[in-house]
Amino acid sequence: MRTSTTAAYKALQAINTPVIDRQEDNALFMISGEDNDDGRPFIDYYEYNYGEFGVDQTVCDILKKHGLICEWINPGLLGVYPE
């Protein structure tokens, strides 16, 4: 992973975001919508009124800070990509 990608990944881990170190569909890494251990929904495909299109605003801010964006791969998985 690039330095900015690694920094974003670690920042998301620090707030307990369910990140997955897997590169599929050209994603740098992924965020799970199904593995919320602490009950906090970081992403919710069906709640577009939540954050930015179902993505917690904190997650969006961290990604933006590191020059990354996210897009839905499917209702349970978010891909993270270069801006």
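Every number here is computed from the coordinates shown, using simple stated rules; none is lab data. Every value quoted in this text rests on a predicted model; they were computed, and no experiment measured them.
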C-alpha long axis of helix 3-14 to longest principal axis of the chain, angle in °: 30 degrees
Measure of compaction for the chain (Cα Rg per 2.2 N^0.38 Å): 0.96
The stretch 1-64, relative contact order in percent, only Cα pairs under 8 angstrom and at least six apart counted: 23 percent
